[in-house]
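Enquirer: Before I ask anything, here is the structure I am working with.
Nothing in this text is a laboratory measurement; each read-out follows from the coordinates by a stated rule. Quick caveat: nothing in here was measured; it's all calculated off a predicted structure. Virtual Cβ from ideal backbone geometry, glycine too; neighbours counted across all protein chains shown.
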Amino acid sequence: MNYRIIPVTAFSQNCSLLWDEQTRLAAIVDPGGDAQRIISEVESAGVTITQILLTHGHLDHVGAAAELAQHYGVPVIGPEKEDQFWLEGLPAQSRMFGLEDCQPLTPDRWLSEGESVSVGNVKLAVLHCPGHTPGHIVFFDAASRLLISGDVIFKGGVGRSDFPKGNHGDLIASIKNKLLPLGDDVTFIPGHGPLSTLGNERLHNPFLQDELPVW
Ligand SMILES: [Zn+2]
């Protein structure tokens, strides 16, 4: 699978354009805003958009989803249904962040643990990773060892868990029980900041180290 990262919004959110080289069919993951910029990148990549995928319901990941879905005539797919309250609350989120007004969004399809989505001949596995938000999902392409991790894990960090229905324990359990077992060689594209590998984070991410003894 090929990809191109398009940083969008004032939060430098990593919108990802994913495509299958054989068919050149593509998905846009987490279009947080800046729809025109994303459209230009799609044009220059010369790919055909078949769907918009969402990892979770935060405004900086979904702000341009409705506009792009309409532009390309494609469905919005994901996140898991427990993030419905975030998507219904998009107007309040846009006021909170002082951004352009964003209407509530209802995806065409919710996703659950164990499901998969196809981008051309590429199959992305869906893993439910609650903690940052209760309905947060990630997308994994086993063949190219690539993970789209949203706001679950970052290079040297993990997602915030101080939002409504966030839970730090759940977040760490999601990472340790679902992501790390995918393999040290897996590269992940986080929602913000630089790429890393799960192996690097397993060894060096301060949030994933066993507690040190307190003397
Ligand atoms: Zn988020």
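Enquirer: Exposure proxy check: I189, I5 ranked by fewest other beta carbons within 10 Å?
Expert: Listing I189, I5 from fewest to most nearby Cβ atoms yields I5, I189.
Enquirer: Using 0.36 nm per residue, how much length does the chain from S44 to E88 gain when fully extended, once their Cα-Cα distance is taken away?
Expert: Full extension of this stretch gives 12.5 nm more.
Enquirer: When a/c is below 1.5 the answer is rounded, else prolate if a/b is larger than b/c, else oblate, so apply that to region 8-127 with a ≥ b ≥ c taken from the square roots of the Cα gyration tensor eigenvalues.
Expert: oblate
Enquirer: Check cross-link reach from K165 to the lysines: straight Cα distance under 18 Å, and skip same-chain residues fewer than eight apart.
Expert: By straight Cα distance, K165 reaches K81.
Enquirer: Can you pull a Stokes-Einstein diffusion coefficient for the chain at 37 °C (0.692 mPa s), Rh from Kirkwood over Cα pairs, as a whole number of µm²/s? Don't skip to the end; give the middle numbers.
Expert: Numbers: Rh = 17.1 Å.
Answer, rounded: 191 µm²/s.
Enquirer: Note down the nm distance, to one decimal, between modelled labels 7 Å out along Cα→Cβ at D185 and at A173.
Expert: Calculated label separation equals 3.1 nm.
Enquirer: On to the next question. What order do you get for L171, L203 when you list them from fewest to most C-beta neighbours inside 10 Å?
Expert: Lowest count first: L203, L171.
Enquirer: Starting with the highest mean, order 48-55, 99-106, 195-202, 131-138 by the number of other Cβ atoms within 10 Å, averaged over the residues of each peptide.
Expert: Put in order of decreasing packing, that is 131-138, 48-55, 195-202, 99-106.
Enquirer: Sticking with this one: Among the listed pairs K123/K178; K155/K178; K123/K176; K123/K155, give every one whose C-alpha distance is greater than 20 Å.
Expert: Violating the 20 Å limit, Cα to Cα: K123/K176; K123/K155.
Enquirer: Could you give the radius of gyration (one decimal) and Dmax (whole number) of the Cα atoms in region 149-215, in Å?
Expert: My reading of the Cα-based Rg and Dmax gives 12.0, 38 Å.
Enquirer: On to the next question. What ranking of V152, V126 emerges when the number of other C-beta atoms within 10 Å of each C-beta is taken as an exposure proxy, fewest first? Walk me through the numbers on the way to the answer.
Expert: Numbers: V152 28, V126 22.
Sorted ascending by nearby Cβ count, the order is V126, V152.
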